[in-house]
Amino acid sequence: MLNVGIVQMLAAPLRVGENLALAERCIERAVGEGAQLVVLPEMFNVGFSFAEELMTVAEELDGRTIDWLKAQAARHGIYITGSLYERFEGYFYNTMFMVGSDGSLQYYRKRNPTCQETTVWRRSDVPGPGIFETPFGRIGGVICFDSFARETFEGFKRSAVELVVIVALWGTTRPATRHPEMWLFANLLHRWSHLASEVVPQQYATELNVPTVFVNQAGTIRFPFPRPHFWPLPSRKDVVYDFWGASNVRNASGEIVAQAGNTETDFVKVVPVEVYQADQRPEITRVDIPPEYLNANYYFVQPPLQAKLFQEWSFRGFVGEYEARCARHQVPVT
């Protein structure tokens, strides 16, 4: 039996110090309840933002946040997973980590940035996503929209993972009277978030017959909302975004054994899950399937058709934007 601590919090955009302090309090609460593995949400250290300023708080994997995570893991004798904003070789990534009490670090970089995310982090070229070896078993780790991809499911299946952990930032933009197109986008995100938090975890649990953990942020933030170049309307400087919350833990039958509410921003829950470790495991297989977003064969769970279209449009509409931003934020190698 593994005691998994799930943390549903609201990370303030661009405020690393505040977010680490909040996460530390949540980790201490989880450890106090017996957690052996603590799961933090996607981008827990920098929050969610499409602003170019996000690149100013990116870190390398030997930087402040990983050092802090290693110290927390060693201090409490636990493993910690989640995702952070990484700078690597002049580019920026959304990177999932697994940090151990022994000082170990395993990671993978997100494969499928969604829509405006393509302006602030890059798709990893390395087949993925993450498969982490731990004392508790082999864990399949996945970030947000990557969980919809068949390459994720096939990699987990072939590698015989014994627990699936999904970290996420799902939510909905709040419609505005002066921007009627945002009603359509909000409706799409509502449907997408429901699939991501309810259908996807249930499918992983039942198809792989393993416990599945889904951890999301909750609460409300504001951020600038860039538009693709071909969009007839200008970018918006102030969009309200409500995170979906609904973090949950499911057993191998897909039944929910613990769940947070949609708006709980201070949720810490330790849940015992049965992880059956095999005496022998196959070699880890990380599957590479090209991102053909309108091709049904690409998906393990089908997102709304509009989501596929938005994926296609975002890659076409933001061509050059990410590269230009990266060029402005190059860090000299010392």
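The values are calculated or read from the model by the stated rules, or taken from the named source; none is laboratory data. From a predicted model like this one, the values you see are computed outputs, not experimental measurements. With ideal geometry, Cβ positions are generated from the backbone for all residues, glycine too; neighbour counts draw on all protein chains shown. When the accessible area is computed, the model is the full protein with side chains, heavy atoms only, and any ligands, DNA or RNA have been set aside. Shrake-Rupley method; radii C 1.70, N 1.55, O 1.52, S 1.80 Å.
Scoring GLU86 on the criteria (1) assigned to a strand (DSSP E or B); (2) open to solvent by 10 Å² or more (accessible area, probe 1.4 Å); (3) not small (Gly, Ala, Ser) leaves a single failure, condition (2).
Provide a single number: the residues in the range 231-274 that are assigned to a loop (DSSP other than H, G, I, E, B), modelled with pLDDT of 95 or more and among the aliphatic types (A, V, I, L, M). Looking only at that region, the number is 3.
On inspection, GLU28 qualifies as among the charged types (D, E, K, R), in a helix (DSSP H, G or I) and more than 24 Å from ALA327 (Cβ to Cβ). Name every residue in the range 103-126 that is surrounded by fewer than 21 Cβ atoms within 10 Å (Cβ to Cβ) and without any contact (Cβ under 8 Å) to a residue 24 or more places away in the chain, in order of residue number. Passing the criteria: SER104, ASP125. Among the residues of the range 292-328, those that are outside any helix (DSSP H, G or I), in contact (Cβ under 8 Å) with a residue 40 or more places away in the chain, among the hydrophobic types (A, V, I, L, M, F, W, C) and within 20 Å of VAL200 (Cβ to Cβ) comprise PHE300, VAL301.
For every residue, the table says whether it meets (1) open to solvent by 30 Å² or more (accessible area, probe 1.4 Å); (2) free of Cβ contacts under 8 Å to residues at least 60 places away in the same chain; (3) of a type outside the set (Asp, Glu); (4) under 20 Å from VAL165 (Cβ atoms).
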position: VAL38; (1), (2), (3), (4): no, yes, yes, yes
position: ALA51; (1), (2), (3), (4): no, no, yes, no
position: LEU54; (1), (2), (3), (4): no, no, yes, no
position: LYS70; (1), (2), (3), (4): yes, yes, yes, yes
position: GLY90; (1), (2), (3), (4): no, no, yes, no
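Exactly one residue among PHE145, PHE153, PHE185, PHE132 is of a type outside the set (Ser, Thr, Tyr), assigned to a helix (DSSP H, G or I) and either without any contact (Cβ under 8 Å) to a residue 24 or more places away in the chain or touching a strand residue (DSSP E or B) at 6+ places or on another chain (Cβ under 7 Å) (or both), and that residue is PHE185.
In summary, VAL275 fulfils each of the numbered conditions (1) among the hydrophobic types (A, V, I, L, M, F, W, C); (2) under 24 Å from GLU162 (Cβ atoms); (3) without any contact (Cβ under 8 Å) to a residue 60 or more places away in the chain with the single exception of condition (3).
Tell me the residue from VAL164, VAL142, VAL200, VAL215 that is modelled with pLDDT of 95 or more, surrounded by 24 or more Cβ atoms within 10 Å (Cβ to Cβ), out of contact with any Pro (no Cβ under 9 Å at 6 or more places or on another chain) and not hydroxyl-bearing (Ser, Thr, Tyr), please. That would be VAL200, the only listed residue that is modelled with pLDDT of 95 or more, surrounded by 24 or more Cβ atoms within 10 Å (Cβ to Cβ), out of contact with any Pro (no Cβ under 9 Å at 6 or more places or on another chain) and not hydroxyl-bearing (Ser, Thr, Tyr).
Yes or no: ARG286 within 23 Å of GLY137 (Cα to Cα), open to solvent by 30 Å² or more (accessible area, probe 1.4 Å) and under 21 Å from the mean Cα position of the chain (by Cα)? So ARG286 fits the description; yes.
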